[in-house]
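The values are calculated or read from the model by the stated rules, or taken from the named source; none is laboratory data. In this text, all values refer to a predicted model and were calculated from it rather than measured experimentally. Heads up, the Cβs are rebuilt from the backbone with ideal geometry, glycines too, and the neighbour counts pull from every protein chain shown. Heavy atoms of the whole protein, side chains included, go into the accessibility calculation; ligands, DNA and RNA do not. Shrake-Rupley method; radii C 1.70, N 1.55, O 1.52, S 1.80 Å.
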Amino acid sequence: MTGKLVVIGLGPGDPRYLTPEAADALAAAEALYGYGPYLDRVPPRAGQIRHPSDNREEGARAAAALRHAAEGANVAVVSGGDPGVFAMAAAICEQIESGPDAWRALDVVFVPGITAMLAVAARIGAPLGHDFCALSLSDNLKPWNIVARRLDAAADAGFVIALYNPISRARPWQFGNALERLRRHLPEITPVVFGRAVGRPDERVNITTLAEADAAQADMATLVIIGSRETRVIARPGRPPLVYTPRAAAKVSA
Ligand code: SAH
């Protein structure tokens, strides 16, 4: 018997954002592994076993799923959004690299999903319409001085910045500190977008400026987009504004 491991992106929450490929892979799996709230999004299916775990246990979860697949089962590991963006796909690869040889012989498939920054961007226009980068503000897996250096470099280089994991109970000050740093590099009027729980019933999307942005506006379910110097807001009568970054960058003097 040959086992299989499928790493599946569920998208940001709205079931319409689940790809048909992901839905098929979920239906075919004998066992599902993932963070509890993500597993709760998957419709129950008779005979399928669920192994929920805490969101800090990615390494142990990946290893458990690999062990199970190596026993011959068709196992799925789920992530919110895309599994390759600050999520389980890398955790699985880490375990395969350091684990037993049998894990390298497994059939491993990665099924992409719509990542949070794309879902948030689509709500308000085209903020990622020109060069951008994605940064996790979590300093659980890297020291804060690396985060700070990357923020400085990205803002200076003119990237729009999508900030994942802006804040949590265990990391209360980092996002406020990041906003302060960014204010040293970017004009006060730089557009900032807070997209919370996009694709879920409690979705909230706010557009503000770097001067007005307040760390208290973000929580664990929020993705923040920091504009570049090029990012613009189009006011519209009777409709919400559009935020976009033009495709052509202004000439920068050398
Ligand atoms: N793999 C996920 C990201 C996991 S990191 C993806 O591709 O989207 C978790 C962070 O993602 C959260 O702190 C938040 O910044 C962002 N996020 C996840 N789902 C979101 C949603 N529905 N709306 C807004 N942000 C979301």
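Given a 1.4 angstrom probe, I'd like the percentage of the accessible area of the stretch 4-114 that is carbon and sulfur, rounded to a whole number. Numbers along the way, then the final one.
Numbers: 2850 of 5270 Å².
Answer for the stretch 4-114 is 54 percent, counting heavy atoms of protein chains only.
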Simple spin-label model, 7 Å along Cα-to-Cβ: A248 to D14 in nm? 3.3 nm
Please label the shape of the stretch 125-208 as rounded, prolate or oblate, based on the square roots a ≥ b ≥ c of the eigenvalues of the alpha-carbon gyration tensor (a/c under 1.5 means rounded; beyond that, a/b larger than b/c means prolate, else oblate). oblate
Give me the angle, in degrees from 0 to 90, between the Cα long axis of helix 144-156 and the longest principal axis of the Cα atoms of the chain, rounded to the nearest 10. 50 degrees
Just the accessible area per residue of the stretch 117-244, please: how many Å² with a 1.4 Å probe? 50 Å²
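Using the Cβ atoms and a cut-off under 14 Å, what net charge is assigned to the surroundings of I92, where Lys and Arg are +1 and Asp and Glu are -1?
Values: positive: K4, R61, R67, R104; negative: E57, E58, D82, E94, E97, D107.
After counting each charged neighbour, the total is -2.
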What is the chain by shape, rounded, prolate or oblate, if you read a ≥ b ≥ c off the alpha carbon gyration tensor as root eigenvalues and call it rounded for a/c under 1.5, prolate for a/b larger than b/c, and oblate otherwise? prolate
Helix 174-185 sits off the longest principal axis of the Cα atoms of the chain, rounded to the nearest 10 on a 0 to 90 degree scale, by 40 degrees
Counting each DSSP H run of 4 or more residues in the chain as -39500 (n - 2.57), what helix-only mean residue ellipticity at 222 nm follows after dividing by all residues, to the nearest 500 deg cm²/dmol? -8500 deg cm²/dmol
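For an R0 of 35 angstrom, estimate the FRET efficiency from the Cβ-Cβ distance between D156 and A46 and round to the nearest 0.05.
On the way: r = 55 Å, r/R0 = 1.57.
Between D156 and A46 the formula returns 0.05.
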Rounded to the nearest 0.05, what FRET efficiency do D202 and R104 give with R0 = 51 Å and r taken as the Cβ-Cβ distance? Could you check? 0.75
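Show me 75-84, 107-116, 170-179 ranked by packing, highest mean number of other Cβ atoms within 10 Å first.
Details: 75-84: 25.9, 107-116: 20.3, 170-179: 16.7.
Peptide ranking by packing, descending: 75-84, 107-116, 170-179.
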Would you please state which residues of the stretch 166-204 a label at C133 would reach in this model, taking the label point 7 Å out along Cα→Cβ and a backbone N cut-off of under 14 Å? 182
What percent do you get for the relative contact order of the stretch 69-138 when only Cα pairs under 8 Å and 6+ apart count? 33 percent
Rounded to the nearest 10 degrees, the helix 88-98 long axis (Cα) sits at an angle to the longest Cα principal axis of the chain of 60 degrees
When the distances between all Cα atoms of the stretch 4-114 are binned every 5 Å from zero, what whole-number percent does each bin get? 2, 14, 27, 28, 19, 8, 2, 0
Over the chain, what is the relative contact order in whole percent, taking alpha-carbon pairs under 8 Å and six or more residues apart? 19 percent
In nm, give the distance between the simple-model label positions of R232 and D54, each being 7 Å from the Cα along the Cα-to-Cβ direction. 4.9 nm
With all protein chains present, how much of the accessible area of the stretch 132-254 (probe radius 1.4 Å) comes from carbon and sulfur, to the nearest whole percent? 52 percent
